[in-house]
Amino acid sequence: MFRARSAHDAVGARFRADDLERGSPSAVWHRSGSVAEVVAGLLELPPHGTPGGAPGLAHERAPDLWLPHSGTP
């Protein structure tokens with residue numbers, strides 16, 4: 001997921017697809033900052049399902065990231 005309000009206010013997150021069916025999923029990775037910082041972080045992530053590469057367990061909810069299943073922002 002990626003959202004940018006301006007060039008200096010962006011957030012990106014990666015979720016397990018199975019967790020998106022829950023009301024309030026936790027991210028396995030997230031970053032906030034400028035668009036350049038968040039996009040660079042997204043590009044550094046290993047491909048989904050890479051053994052030993054991509055995180056397998058969600059650990060925290062991404063800050064300030066509204067998801068359609070989580071209700072009103």
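Other residues whose C-beta falls under 10 angstrom from the C-beta of residue 10 contribute a net charge of +1, scoring Lys and Arg +1 and Asp and Glu -1. With the simple spin-label model, which puts each label point 7 Å out from Cα in the Cβ direction, the residue 19 to residue 50 separation comes to 1.8 nm. A simple spin-label model places pseudo-atoms 7 Å from Cα toward Cβ; at residue 34 and residue 8 they are separated by 1.0 nm.
Read-outs: derived from the displayed coordinates by stated rules, not from any lab. Predicted model only: the values in this text are computed from it and were never measured. Here Cβ is always computed from backbone atoms with ideal geometry, including for glycine, and neighbour counts include all displayed protein chains.
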